[in-house]
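Asker: What follows is a structure written as structure tokens; I'll ask about it next.
The values are calculated or read from the model by the stated rules, or taken from the named source; none is laboratory data. Keep in mind it's a predicted model, so treat the numbers as computed, not measured. Using ideal geometry, Cβ is built from the backbone for each residue, glycine included, and neighbour counts are taken over all protein chains shown.
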């Protein structure tokens, strides 16, 4: 594996993925390791505009439009990702697995459609490792209640999040060596240590 890997943090709402990716980015900065960090949807200027449209509580797109907007956001990021591929560590908050977990397993969009567009967009850009953050329903609800504001994707029913998280777990079984499951129901400091130990091996 390249010492300038592409590392993705995945998980449903309230799973701690954003907290952990922020912690890793600070860790890399402290060690003076060159990296870039993106979130999806969002990241670059145009992608952030699309993010606001997708997550706006007044938006009411059909499931195919939702998918295409997410992929449009990814399309706006791809030149930056390819420019830094194998030159810097790349950290991404949500990526391909989120498209499949949310849009296919959660909303029922044709998986083949998602895979075809992703392949066309990404070309030879590959993910090296994924931290999949999981959370139980009780803790997810508790954490969402602590947020100052909720976006459209924070307001689905519990059945939806259950299907999405199971979708993530199914995806992680494809190649277990390239995934690490982080149980965010456990002590956060324990998980921080687990993640950083793996990061040290990856970079």
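Asker: Report whether or not residue 98 is touching a strand residue (DSSP E or B) at 6+ places or on another chain (Cβ under 9 Å), surrounded by 16 or more Cβ atoms within 10 Å (Cβ to Cβ), modelled with pLDDT of 95 or more and in a helix (DSSP H, G or I).
Answerer: Answer is yes for this residue.
Every residue, every condition in (1) more than 14 Å from residue 107 (Cβ to Cβ); (2) surrounded by fewer than 17 Cβ atoms within 10 Å (Cβ to Cβ); (3) touching a strand residue (DSSP E or B) at 6+ places or on another chain (Cβ under 9 Å), yes or no:
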site: 39; (1), (2), (3): yes, no, yes
site: 42; (1), (2), (3): yes, no, yes
site: 67; (1), (2), (3): no, no, no
site: 73; (1), (2), (3): yes, no, no
site: 77; (1), (2), (3): yes, no, yes
site: 82; (1), (2), (3): yes, yes, no
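Asker: Please specify each residue of the stretch 57-80 satisfying the condition of being out of contact with any helix residue (DSSP H, G or I) (no Cβ under 8 Å at 6 or more places or on another chain) and within 23 Å of residue 5 (Cβ to Cβ).
Answerer: Selection gives 79, 80.
Asker: Kindly provide the set of residues from the stretch 116-140 that are touching a helix residue (DSSP H, G or I) at 6+ places or on another chain (Cβ under 8 Å) and in a helix (DSSP H, G or I), ordered by number.
Answerer: The answer is 117, 118, 121, 122, 137, 140.
Asker: Look at residue 159 and say whether it is without any contact (Cβ under 8 Å) to a residue 60 or more places away in the chain, under 18 Å from the mean Cα position of the chain (by Cα) and either over 12 Å from residue 11 (Cα atoms) or exposed (fewer than 15 other Cβ atoms within 10 Å of the Cβ) (or both).
Answerer: no
Asker: Can you find even one residue in the stretch 5-21 that is over 15 Å from the mean Cα position of the chain (by Cα) and loosely packed, with under 15 Cβ neighbours inside 10 Å?
Answerer: No: zero hits.
Asker: Let me ask another. Identify, by number, the condition in (1) in contact (Cβ under 8 Å) with a residue 24 or more places away in the chain; (2) touching a strand residue (DSSP E or B) at 6+ places or on another chain (Cβ under 9 Å); (3) surrounded by 15 or more Cβ atoms within 10 Å (Cβ to Cβ) that residue 51 doesn't meet.
Answerer: (1)
Asker: Any residue that is at pLDDT 95 or above, surrounded by 15 or more Cβ atoms within 10 Å (Cβ to Cβ) and either more than 18 Å from the chain's Cα centre (by Cα) or within 24 Å of residue 198 (Cα to Cα) (or both) - is there at least one of those in the stretch 115-124?
Answerer: no
Asker: Taking interchain pairs and intrachain pairs at least six residues apart, which have beta carbon atoms under 8 angstrom, with the first residue in the stretch 56-67 and over 16 Å from residue 102 (Cβ atoms) and the second surrounded by 14 or more Cβ atoms within 10 Å (Cβ to Cβ)?
Answerer: What qualifies is 56/151; 56/152; 57/151; 57/152.
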